[in-house]
Amino acid sequence: MKDERTTVAVLGGGAAGFFGAIACAEANPALRVLLLEKTGKLLSKVRISGGGRCNVTHAADTPAQLVQHYPRGGAQLKQPFHAFGAPDTVRWFAARGVQLKTEPDGRMFPVTDSSETVAQCLLEAARRAGVEILTHTTADRIRALPEGGFELTLSGAAAAATRRVARLLVATGGAPKSEQYNWLRQLGHAVQEPVPSLFTFNVPDSPLRELPGVSVPWARVRVAGEKLDYEGPVLITHWGLSGPAVLKLSAWGARRLHELNYRSIALVSWLPDFTEDTLRNHLQEHRGPHGRKLVVSNPLLGLPQRLWRTLAEQAGIGPETRWNELPAKLQNRLIEALLRTALPVSGKTTYKEEFVTCGGISLAEINMQTMESRLVPGLHFAGEVLDIDGITGGFNFQAAWTTGFLAGRAMSRPPEA
């Protein structure tokens with residue numbers, strides 16, 4: 001029977017928790033590895049991510065490429081990514097029967113296009129490694145023991161049990177409210193205040209509200225009066241503005257947008273490769289050979305017909321106006337609409353169910369090679385409970401795999417090592 005000196009515990013049945021538990025159990029089969037999940041659902045975010053396909057990681061050969069995609073934690077992740085980066089993730093899953101494919105934008109999914117493939121792989125790897133999984137089990141109290149290790153007071157399916165463990169991995173994910181981190185503050189750790197990241201913009205009075213579903217492959221979104229802008233695909237929704245450009249902008253600007261109470265003016269350039277002068281010249285050149293065509297019925301530069309018509313109408317251009325009849329004043333208004341559509345943002349909406357938090361345990365208090373606390377020996381952290389968050393594209397999962405792997409390997413060693 002393995003005693004408390006050879007027992008370690010993992011809190012959290014998500015991506016980071018599973019990866020940490022598996023890495024620990026595989027590295028040291030003599031250990032008893034307990035994985036505790038407070039709900040009845042395991043790997044819930046894995047199952048819903050990527051529209052049910054699970055964006056496992058991103059095609060990036062070097063840590064330098066990866067770290068560019070983390071608004072918070074990128075610099076601190078460089079060394080961990082050397083130890084376990086995206087190529088290592090691909091090999092890890094391949095060795096366990098899950099092949100990944102790369103899409104044109106760099107996102108990597110299982111070839112089955114099913115997140116269940118990834119979830120079942122992790123469940124099976126945990127089973128093979130001997131990880132003991134306890135669902136509906138909550139650690140109500142954690143006490144660091146003077147002689148080393150921890151005493152956990154558990155409730156739920158564990159029926160108010162007390163367990164002693166040599167090491168502890170906290171992989172409980174991000175939390176939207178500051179008070180939800182109080183139990184970690186009680187262990188002595190500082191917490192960067194949590195605010196939402198990866199969200200869409202609510203525009204209740206959007207002039208584009210009749211265009212839900214219209215998308216533009218490449219546009220620029222910026223926040224008026226702020227040094228916040230991002231280029232990428234943009235999707236118009238019935239509630240406002242979404243798409244990768246908006247989501248990534250929300251990640252980089254998470255703290256500032258929170259300070260603004262999610263109220264701002266979003267300026268959208270539907271033609272980010274143009275300036276006023278170059279666009280004016282292009283329209284002038286177009287007028288010559290196409291002078292008899294109706295402006296609102298003939299979209300230019302690949303813009304969707306419905307969007308072009310709406311922008312032209314907002315510029316005051318009538319349905320019967322031809323290019324050779326277009327007054328300079330209305331052309332200037334059209335240029336303004338194409339390069340700077342102003343949308344009054346009032347609120348946010350979480351992107352699907354993929355809630356990501358900016359904030360968490362301060363990285364200054366973590367040994368990033370082992371993910372061990374610098375304040376409490378034997379206490380490790382992994383995943384979104386840390387002050388690490390990435391943009392969309394598989395980066396948050398990669399941070400979970402990396403931090404979980406390093407924590408698990410470190411936990412597999414004796415506490416005195």
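The values are calculated or read from the model by the stated rules, or taken from the named source; none is laboratory data. Since the model is a prediction, treat every value here as computed from it, not as a measurement. Every residue, glycine among them, receives a Cβ derived from its backbone with ideal geometry; neighbour counts consider all protein chains shown.
Things to note:
- For the range 332-343, a residue qualifies if it is assigned to a helix (DSSP H, G or I), crowded, with 19+ Cβ neighbours inside 10 Å and not small (Gly, Ala, Ser), and the qualifying residues are Leu334, Ile335, Leu338.
- Identity of the residue in the range 184-210, outside any loop (DSSP other than H, G, I, E, B) and of a type in the set (Ser, Thr, Tyr), that ends up surrounded by the most Cβ atoms within 10 Å (Cβ to Cβ): Ser197
- Picking from residues in the range 245-261 that are touching a Phe, Trp or Tyr at 6+ places or on another chain (Cβ under 8 Å) and not small (Gly, Ala, Ser), the one that is nearest to Gly74 (Cα to Cα) is Trp252.
- Screening Val170 against (1) out of contact with any Leu (no Cβ under 6 Å at 6 or more places or on another chain); (2) at pLDDT 95 or above; (3) buried (at least 16 other Cβ atoms within 10 Å of the Cβ); (4) under 19 Å from Ala382 (Cα atoms) leaves a single unmet condition, (1).
- Considering the range 266-322, the residues that are crowded, with 18+ Cβ neighbours inside 10 Å and small (Gly, Ala, Ser) include one that is nearest to Glu231 (Cα to Cα), namely Ser269.
- Glu325 surrounded by 13 or more Cβ atoms within 10 Å (Cβ to Cβ), of a type in the set (Asp, Glu) and out of contact with any Lys or Arg (no Cβ under 7 Å at 6 or more places or on another chain): yes
Residues checked against (1) closer than 22 Å to Pro327 by Cα; (2) of a type in the set (Ser, Thr, Tyr):
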site	(1), (2)
Leu257	no, no
Tyr262	no, yes
Ala266	no, no
Thr275	yes, yes
Leu279	yes, no
Gly291	yes, no
Pro299	yes, no
Gln305	yes, no
Ala315	yes, no
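- Exclusive hit being touching a strand residue (DSSP E or B) at 6+ places or on another chain (Cβ under 6 Å), at pLDDT 95 or above, of a type in the set (Gly, Ala, Ser) and over 23 Å from Pro194 (Cα atoms), set Gly232, Gly240: Gly240
- Within the range 156-167, considering residues that are aliphatic (A, V, I, L, M) and farther than 16 Å from Gly20 by Cβ, the one surrounded by the most Cβ atoms within 10 Å (Cβ to Cβ): Ala158
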